[in-house]
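Heads up, the thing below is written out as structure tokens.
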Amino acid sequence: MPDDSEITLSPPERALHERYGTLMGPPAAWNDVLAALLAHRSVRSYLPDALDPGTLELLVAAAQSAATSSNLQVWSVIAIEDPARRERLAQLAGNQRHIAEAPLFLVWLADLSRAQRMADRAAAPLEALPYTESFVMGVVDAALASQNAAVAAESLGLGIVYIGGMRNHPQAVAAELGLPPQVVAVFGMCVGKPNPSVVTDVKPRLPQCVVLHHEQYSIAREAEGIAAYDASLTRFQQKQEMRPVGWSGSILSRLKGPGSLSGRHVLREVLARMGFPLA
Ligand SMILES: Cc1cc2nc3c(=O)[nH]c(=O)nc-3n(C[C@H](O)[C@H](O)[C@H](O)COP(=O)(O)O)c2cc1C
């Protein structure tokens, strides 16, 4: 029986194969948007070249085209090109070198401060703002906007990687970026031309039988799906010359205790100090 690599696949079949690390059969439909979405991979090595003029504004237009809760638009983004500031942010994110290397670093913000200023100017009450729901709206809005920008960047041949490390030291990040109260960095995103000498591959995801439920939640095929995923991620890690630890072990160790949260176990208290009481 031929192994997967010996079977000739159409481009859509190959894209699905890479996404799941297993043969999937032809998709029901295919187009350039689907091809771009399925080809996503995080990029952690960049050329120093600046982006073409107008690229940032195009990415922000894509970001602003995302849906937003009640059209509140409770998010903002800061574009950082200054190498010294990128270096300081790299340090704050656990010395992640790609932040210093990429020509553009975007910090995506949950931003309730604009609504606060509007209410202040209008002398209007704003009693809904301190609730957890408002904070969640800001985080969701920032996430949807940033993912649109990510897809737009990738469609232009650029690479991106999200940086959750912005939450390791949220107050120091806020000081570096001059954030007012009621604004917090949800995550960052490196953007740049991928370094062609560092090959990145599509990282397989969990089989759909683990994440897709029909009508009601079901764990009937969860264990089998996770076992299959451990095997496909181990193959991916071997190919990338990474430690072949699979998925389950690394997830359990990432979540085993507050010590593995890179200082973020105190996030709720820090958010309260930054103007998010999370009532
Ligand atoms: C919110 C968020 C935060 C992330 N933070 C980091 C980070 O700080 N550093 C990093 O190298 N990758 C980070 N990543 C990238 C993930 O590790 C990556 O998306 C995941 O391993 C899947 O790999 P892929 O993006 O190549 O498919 C982050 C991703 C997300 C969505």
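The values are calculated or read from the model by the stated rules, or taken from the named source; none is laboratory data. It should be emphasised that the depicted structure is a prediction, and the values quoted were computed from it without experimental measurement. Note: ideal-geometry Cβ built from the backbone for every residue, glycine included; neighbour counts use all protein chains shown. Calculation scope for accessible area: heavy atoms of the full protein, side chains included, ligands and nucleic acids excluded. Shrake-Rupley method; radii C 1.70, N 1.55, O 1.52, S 1.80 Å.
Brief remarks on what is shown
- Of the residues making up region 163-193, those that are outside any loop (DSSP other than H, G, I, E, B), open to solvent by 20 Å² or more (accessible area, probe 1.4 Å) and more than 12 Å from the ligand (Cβ to nearest atom) are Gln171, Ala172, Ala175, Glu176, Leu177.
- Here Arg88, Arg44, Arg97 are screened, and the one residue that is at pLDDT 95 or above and not assigned by TED's automatic domain parsing to the domain that holds Ile163 is Arg44.
- Considering only residues in region 201-225 that are within 16 Å of Gly246 (Cβ to Cβ) and open to solvent by 40 Å² or more (accessible area, probe 1.4 Å), the one that is nearest to the ligand (Cβ to nearest atom) turns out to be Lys203.
- Of the residues examined, Ile160 is one that is assigned to a strand (DSSP E or B), surrounded by 21 or more Cβ atoms within 10 Å (Cβ to Cβ), among the β-branched types (Val, Ile, Thr) and within 16 Å of the ligand (Cβ to nearest atom).
- Gln91 meets the conditions (1) in contact with a strand residue (DSSP E or B) (Cβ under 7 Å, 6 or more places away or on another chain); (2) within 15 Å of the ligand (Cβ to nearest atom) in every case but one. The failed one is (1).
- Contact annotation: residue pairs with Cβ atoms under 7 Å, 6 or more positions apart or on different chains, pairing a residue in region 86-100 that is farther than 8 Å from Ile163 by Cβ and open to solvent by 50 Å² or more (accessible area, probe 1.4 Å) with a partner that is assigned to a helix (DSSP H, G or I) and within 10 Å of the ligand (Cβ to nearest atom), are Gly94/Gly165.
- Filter pass, Arg235 being surrounded by 13 or more Cβ atoms within 10 Å (Cβ to Cβ), within 19 Å of Asn168 (Cβ to Cβ), touching a residue at least 60 places away in the same chain (Cβ under 8 Å) and not assigned by TED's automatic domain parsing to the domain that holds Glu133: no
- Pro48 farther than 29 Å from Pro83 by Cβ and not aromatic (Phe, Trp, Tyr): no
- Within region 180-201, residues that are more than 30 Å from Ala272 (Cα to Cα) reach partners that are of a type in the set (D, E, K, R) and more than 14 Å from the ligand (Cβ to nearest atom) with beta carbons closer than 9 Å, at six or more positions or on different chains, in the pairs Gly192/Asp49; Lys193/Asp49.
- Yes/no for Asp82 being at pLDDT 95 or above, out of contact with any Cys (no Cβ under 7 Å at 6 or more places or on another chain), closer than 20 Å to Leu177 by Cβ and open to solvent by 50 Å² or more (accessible area, probe 1.4 Å): yes
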